[in-house]
1. I'm checking my understanding of the structure. Among residues of segment 110-122 that are in contact with a helix residue (DSSP H, G or I) (Cβ under 7 Å, 6 or more places away or on another chain) and crowded, with 21+ Cβ neighbours inside 10 Å, which one is farthest from Arg145 (Cα to Cα)?
2. Just to be sure before I move on: is Ala43 of a type outside the set (D, E, K, R), more than 20 Å from Gln172 (Cα to Cα), surrounded by 21 or more Cβ atoms within 10 Å (Cβ to Cβ) and modelled with pLDDT of 95 or more in the structure I sent?
3. Considering only helices (runs of 4 or more DSSP H) fully contained in segment 153-261, which possess at least 1 residues that are in contact (Cβ under 8 Å) with a residue 40 or more places away in the chain and crowded, with 24+ Cβ neighbours inside 10 Å?
4. Return yes when Glu3 is open to solvent by 10 Å² or more (accessible area, probe 1.4 Å), modelled with pLDDT of 95 or more and over 13 Å from Ile282 (Cβ atoms) and no when it is not.
5. Please find, within segment 1-54, the residue that is farthest from Ala193 (Cα to Cα) out of those that are aromatic (Phe, Trp, Tyr) and out of contact with any His (no Cβ under 8 Å at 6 or more places or on another chain).
6. Taking interchain pairs and intrachain pairs at least six residues apart, which have beta carbon atoms under 7 angstrom, with the first residue in segment 303-327 and under 22 Å from Tyr244 (Cβ atoms) and the second charged (D, E, K, R) and assigned to a helix (DSSP H, G or I)?
7. Could you check segment 293-323 and list, in sequence order, the residues that are touching a helix residue (DSSP H, G or I) at 6+ places or on another chain (Cβ under 9 Å), surrounded by fewer than 17 Cβ atoms within 10 Å (Cβ to Cβ) and of a type in the set (Lys, Arg)?
8. Taking Glu88 as meeting all but one of (1) surrounded by fewer than 17 Cβ atoms within 10 Å (Cβ to Cβ); (2) charged (D, E, K, R); (3) closer than 30 Å to Asp2 by Cβ, write down the number of the exception.
Amino acid sequence: MDERTFGRSGQHASVVGLGTWQLGADWGDVDDKDALAVLEAAAESGVTFFDTADVYGDGRSEQTIAAFLSGRPDLHVMVATKMGRRVEQIPENYVLDNFRAWNDRSRRNLGVDRIDLVQLHCPPTPVYSTNEVFDALDTLVEEERVAAYGVSVETCAEALTAIARPNVASVQIILNAFRMKPLREVLPAAQEAGVGIIARVPLASGLLSGKYTKDTVFPENDHRTYNRHGESFDVGETFSGVDYTTGVEAAADFAALAPAGCTPAQLALRWIVQQPGVTTVIPGARSPEQARANAAAAKLPQLTDETLTAIRDLYDRRIKDQVEARW
C-alpha cells in the first residue's frame, strides 16, 4: 500500500490506516480473539498505521495492539495514541505532570519506551492557544517519551490554531463525504505548514456504508445509541453530527454513486484518499473482512470528476446546513 509522510516529523503511514476505537469499547462487544484477528487482517493488507487512545476501553485497545505487535516483530507499524479524556475536561488539567503520568500509562499499555505519535484527545478549546501546553509536549519529545505529537480536534478553527504551532506533526479531524468543511481551509493550511492530516470518522459512524435503515437498532453500549444527541461527548463524533434520519436517506443516495466493483464504504474511503493534503484515513473494523475491504479501497481507481461532482452536490443539498456552522 502507498505510504505518505507526516511532513514535519518525517514519519510514514499507509494511506489507509486502522482506527481501533471499536477494539476497545463503545461499539458493542468485540472479544480479544476477534480484535487480534482485525489487527492481523489489516497488517496483512498493508496497513502500517494504527490509531488508538488511552480511553478506548480504558486502555484495552492499547494493550491489544501491544499484544499483537509483540507477536509480530517483523512488522513495522506506526502507532499513534491519544491522551487527555480520562480526566475532567478543563484546561487546568493539561499540564506537564499530567502529561507525563498519562504518557507513562500509555507506554506501559503499549509496551514501548517511546510512542511514535501522541495526540491531545479533543481537549477544551482554550488548550490549543496555551503556550505552556505545547512547551510541555515539546518536553515529552526532549525526554524521548514520544517521537512526535499532534492534536485531535472537533472544529476547523481548532485545527487551524494547532497547525500554526511550529512542532505539531499532525492534526486528526473528522473528514468524510458528510463533513467537507475541512477541505476549504484546514487541508490547504496543513499542506503549506507540512502538518499531517489524519482523517477520522470516515464512514460517518457507518452511515456511508449504506448498511443501515431508519429501523436499525444499535446495542445499548454502542455510542450510536447512547450519544446520538451528544449525551456523553461531542455529537459530531456520532454520525458526524448528522441527524440519523437525514443521514440514512442521504447515505442511500451516496451508495448509488459507487462505481462497479466498489462498495459504498470503499467509495467513502477512496474519496478521502483523493483529497489533497490527507496523510492517512483511519476507518475502524469489527471483523477481518471489514479490515481487508477497507484496505482495498487504497488500490481502487481514481474517482471520476463526474462522481466527485455528484458527491459534492449531495453534500450541498442534504448535509451542509446541518454541520458547517457548528464544526
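The values are calculated or read from the model by the stated rules, or taken from the named source; none is laboratory data. These numbers were taken from a predicted model, which means no experiment stands behind them. Because the Cβ atoms are built from the backbone with ideal geometry, glycine has one as well, and the counts that use them run over all protein chains shown. Surface accessibility is based on the protein's heavy atoms, side chains included, excluding ligands, DNA and RNA. Shrake-Rupley method; radii C 1.70, N 1.55, O 1.52, S 1.80 Å.
1. It comes out as Leu120.
2. It is true that Ala43 is of a type outside the set (D, E, K, R), more than 20 Å from Gln172 (Cα to Cα), surrounded by 21 or more Cβ atoms within 10 Å (Cβ to Cβ) and modelled with pLDDT of 95 or more.
3. Correct list: 186-193, 244-255.
4. Yes: the conditions hold for Glu3.
5. The qualifying residue farthest from Ala193 (Cα to Cα) is Trp21.
6. Once the first residue is under 22 Å from Tyr244 (Cβ atoms) and sits in segment 303-327, its partners that are charged (D, E, K, R) and assigned to a helix (DSSP H, G or I) give Leu314/Asp253; Glu324/Lys181; Trp327/Lys181.
7. Arg317, Lys320
8. In the conditions (1) surrounded by fewer than 17 Cβ atoms within 10 Å (Cβ to Cβ); (2) charged (D, E, K, R); (3) closer than 30 Å to Asp2 by Cβ, Glu88 misses (3) alone.
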